[in-house]
Amino acid sequence: KKKKKKKKKKKENLPPSQQKLVEKDQPPSKKAKLSLSLKKKRFGDSVSSELVTLTTPHVPKNTAKNTEWAIRNFMEWRQQREKDYPEERCRPDIFDSTPWNVAELNHWLCLYVLETRRTDGKRYPISTVYQLLTGILRHMRSVDSQCPNFLDKTNFSFKQLHAAIDNFGRQLRLEGIGSEVKHASIISPREENYLWEAGVLGVENPKSLLFAVFYCNGKNFCLRGGAEHRRQVVSTTTPDKS
């Protein structure tokens, strides 16, 4: 015991620099063991019963309505066609049965594109026909994600359908159906003056200056979309020397 006390005294009498070295040489103190027993439950409850619902992709309401409208339009056309031509029947589950019959899809979609009509009997513009086909394809993908994409121009299995769409669209445009161009209304000088007076266009603050530059560029350089405005640089303009 006396020897141990003497050793301690020697350590205490050491200068501070040597005391730090002695402390470093000592083994580290043992850390307290952590308890593995957790009071609160770490992981959530089982969601196996809700797995299908939670993993189903979200479909916007307008998209779902468009898909339902396309399928309903096709089925109404199919029912009417069966009454008029009972010898030619299209299966009611043509878009729900797998594996897909490419030849059958090609045949009936071609007839549908050429024969579908509005409720008043007039023909749809080609853009609306394309929306109907897009809705049908969207429904087929909800049934089977590996369904054939009949709107893909590189899918030569539906070459007949692509030709029908192109030819029918060309015919509609020649007849003036769907070829109407919607022009934006022109801003009158009176309306432009009001924008300047109201401070919407101006040079007093950064926001009104930005609007003024955007408006004047569109007016003087006939720029229509945002992409054309972003591409506009000094090198693309040539001042009128006259």
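Assorted remarks:
- A straight chain from Ser235 to Asn205 at 0.36 nm per residue would run longer than the Cα-Cα distance by 8.1 nm.
- Estimated FRET transfer efficiency when R0 is 35 angstrom, pair Gln80-Phe156 (beta carbons, to 0.05): 0.65
- Available extension along the chain between Asn217 and Val59 is 52.9 nm, counting 0.36 nm per residue and deducting the alpha carbon span.
- On full extension, the segment bounded by Glu197 and Ser145 gains 13.0 nm, given 0.36 nm per residue less the C-alpha separation.
- Amide H within-cut-off set for Gln232, under 5 Å, with H built and near neighbours excluded: none
- For segment 94-212, with all protein chains in place and a probe radius of 1.4 Å, 55% of the accessible heavy-atom surface sits on carbon or sulfur.
- For segment 117-242, the percent of C-alpha pairs falling in each 5 Å distance bin, counted from 0 to the bin holding the largest distance, reads 2, 8, 11, 12, 10, 10, 8, 9, 11, 10, 6, 3, 0, 0.
- Taken one residue at a time, the phi angles of segment 45-59 give Karplus couplings (6.51, -1.76, 1.60, θ = phi - 60°) of 6, 5, 10, 4, 5, 10, 5, 5, 5, 6, 9, 7, x, 6, 10 Hz. Gly and Pro are set to x.
- Database remark: amide H of Asp96 closer than 5 angstrom to no amide H (H placed geometrically; neighbours at sequence offset of 5 or more, or on other chains; Pro and chain starts carry no H).
- Average accessible surface area per residue within segment 97-173, 1.4 Å rolling probe, Å²: 54
The values are calculated or read from the model by the stated rules, or taken from the named source; none is laboratory data. Everything numeric here is computed off the predicted structure, so don't read it as measured data. Positions of Cβ are backbone-derived with ideal geometry, glycine not excepted, and every protein chain shown enters the neighbour counts. For the accessible areas, the whole protein counts, side chains as well, though only heavy atoms, and no ligand, DNA or RNA atoms are used. Shrake-Rupley method; radii C 1.70, N 1.55, O 1.52, S 1.80 Å.
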